[in-house]
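This report concerns only the one structure given below.
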Amino acid sequence: FLISGHGTKGVFELLSGWRRTRENLPFKDRVADAYSDVMVSYTMTSSLYFIAFGMGASPFTNIEAVKVFCQNMCVSILLNYFYIFSFFGSCLVFAGQLEQNRYHSIFCCKIPSAEYLDRKPVWFQTMMNDGHQHTSHHETNPYQHHFIQHFLREHYNEWITNIYVKPFVVILYLIYASFSFMGCLQINDGANIINLLASESPSVSYALIQQKYFSNYSPVIGFYIYEPLDYWNGTVQEDLKTLSQGFNTVSWIEQYYQYLRVGNISATNKSDFISILQSSFLKKPEFQHFKNDIIFSKAGDENNIIASRLYLVARTSENTQREAVELLEKLRPLSLIQSIKFIVFNPTFVFMDHYGLSVTMPVLISGFGILLVLILTFFLVIHPLGNFWLILSVTSIELGVLGLMTLWNVDMDCISILCLIYTLNFAIDHCAPLLYTFVLATEHTRTQCIKNSLQEHGTAILQNVSSFLIGLVPLLFVPSNLTFTLFKCLLLAGSCTLLHCFVILPVFLTFFPPSKKHHKKKKRAKRKEREEIECIEIQENPDHVTAV
């Protein structure tokens, strides 16, 4: 799904560049013009994709799932780039030959004459018409008749640049920024375990009931001692009490100590301690279930306890997950510094480890991505203000997706992290051509420059984002919370990018720099100079006036 957004962008941009070429040119020249117009910017955006996901595939990434995904993305980007550069370009050459020889683009047969088509039914005329029956075949700019291009030129450009529409666009952006900022302040730290399960799984029902009724207790933590200990030693007993302090414990050790105290039995040495444990304590029906918690080994006539386990349960508040992570972060360092060698584990710790990484990883990866974009855009300076506008637009889209994602109850899991990285590239992919065409335009006014930019790139952007969003629809029918998270994030990425390209940027660029007055002055100076030269020539050669 992620690679389709970039791949179709290249297809639609190259197709748009092909349609902007003149049809009376040889097809080799048309392909050359289309490649020179599109492939430079597409090469740069593909490089950004490759480097950004290359960082995710590097050893610096400590989440294996993200690393494998980014490796696959890098391979897909390379294959996609060479596909467009080679095979799709060959398709354009073939299409150019068909157009030049007036062959049908689907049936590859000669297109009949207009007189022949007039004698045929309407369905036949529709199937065999090449769109040039009522105009000259070698029209200068046939792309102007494309229905999206016509809509943008005749209707949308005039509407969005209308002086009465601009205040409403500014208000819309302020609302967008407010909700985005409000969402960024409410970011949930880490993933909810329920979102990692299938929607209809019985585990979801269990997790919801457990959170609703029994969320005041942490998961049952296994406390495993994996070395022989002098359990009869008073110092060891105090260390074990210190480690389990603050927990509700299910422990054979505590039950055994209590059994010795109640029976007024002394077990201060190894032989007495183990002998009473095996022959008396574990024989009682109420204590027999502790047999599986103690591992004995026999060396000669002596029995030793080589490992044992007990269970800890911590009382927590409503925010069980956050407190469980903090508890885990406190217990693990203790296992390294204490004289007692132990480990703590619960199956949910696998998810809690991921939970603890979810906040730091997107910040680091997004930070590296933004730094990379800054370096690349300023090394490849097309126009300083163009780079500035690109950074502002990408930041606005990224923060908008992050804030709205939070308001839509999307947690910071691995899927949302990858989508945030992808949003950075997706925004550059669509905003960069529009902005650089605007800043390099030489029309008299900013309004005319943004109109020309939308006419040149608006069709490709609209086609690509629409195809991308339509392609997300099947994700709605997959019974998986992670897949639904993917749908939400990519829908926000596409929608925010479309909003900026067609609504926010066309309005804001009309009353913010760069100014177009210097282009107007240059044109006036050239026109005045040309008029003066013509006047001088006429004065020097009066007989030449008629010819002029």
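So which of V31, V40, V66 ends up being closer than 27 Å to S453 by Cα, touching a residue at least 24 places away in the same chain (Cβ under 8 Å) and either assigned by the TED database to the domain that holds A427 or open to solvent by 20 Å² or more (accessible area, probe 1.4 Å) (or both)?
V31
In the stretch 233-258, which residues are open to solvent by less than 50 Å² (accessible area, probe 1.4 Å) and not β-branched (V, I, T)?
Selection gives G234, Q237, D239, L240, L243, S244, F247, S251, W252, Y256, Y257.
Quick check: anything in the stretch 262-274 assigned by the TED database to the domain that holds R309, farther than 17 Å from N303 by Cα and not in a loop (DSSP other than H, G, I, E, B)?
The answer is yes, given that some residue of the stretch 262-274 is assigned by the TED database to the domain that holds R309, farther than 17 Å from N303 by Cα and not in a loop (DSSP other than H, G, I, E, B).
List the pairs whose first member sits in the stretch 403-430 and is modelled with pLDDT of 80 or more and in a helix (DSSP H, G or I), whose second member is open to solvent by less than 10 Å² (accessible area, probe 1.4 Å) and basic (K, R), and whose Cβ atoms are under 9 Å apart, counting only residues at least 6 apart or on separate chains?
Hits for this filter: F426/K9; D429/K9; H430/K9.
Limited to the stretch 78-119, what total is found for residues that are in contact with a His (Cβ under 9 Å, 6 or more places away or on another chain), loosely packed, with under 13 Cβ neighbours inside 10 Å and not in a helix (DSSP H, G or I)?
1
If I filter the stretch 158-175 for residues that are in contact with a Ser or Thr (Cβ under 6 Å, 6 or more places away or on another chain) and either more than 15 Å from L499 (Cα to Cα) or assigned by the TED database to the domain that holds T395 (or both), do I get at least one hit?
Yes; the residues of the stretch 158-175 include at least one that is in contact with a Ser or Thr (Cβ under 6 Å, 6 or more places away or on another chain) and either more than 15 Å from L499 (Cα to Cα) or assigned by the TED database to the domain that holds T395 (or both).
Just one of E227, E254 is in a helix (DSSP H, G or I) and not polar (S, T, N, Q); which is it?
Exactly one residue qualifies, and that residue is E254.
Evaluate the stretch 3-23: report whether one residue or more is under 26 Å from N101 (Cα atoms), of a type in the set (G, A, S), in the same structural domain as L490 (by the TED database) and in contact (Cβ under 8 Å) with a residue 40 or more places away in the chain.
yes
The values are calculated or read from the model by the stated rules, or taken from the named source; none is laboratory data. Owing to the predicted nature of the structure, the values given are computational and were not obtained by experimental measurement. A quick note on method: Cβ atoms are made from the backbone with ideal geometry, for glycine too, and the neighbour counts reach across all protein chains shown. Accessible surface is based on the protein model in full, side chains and every heavy atom, while ligands, DNA and RNA are left aside. Shrake-Rupley method; radii C 1.70, N 1.55, O 1.52, S 1.80 Å.
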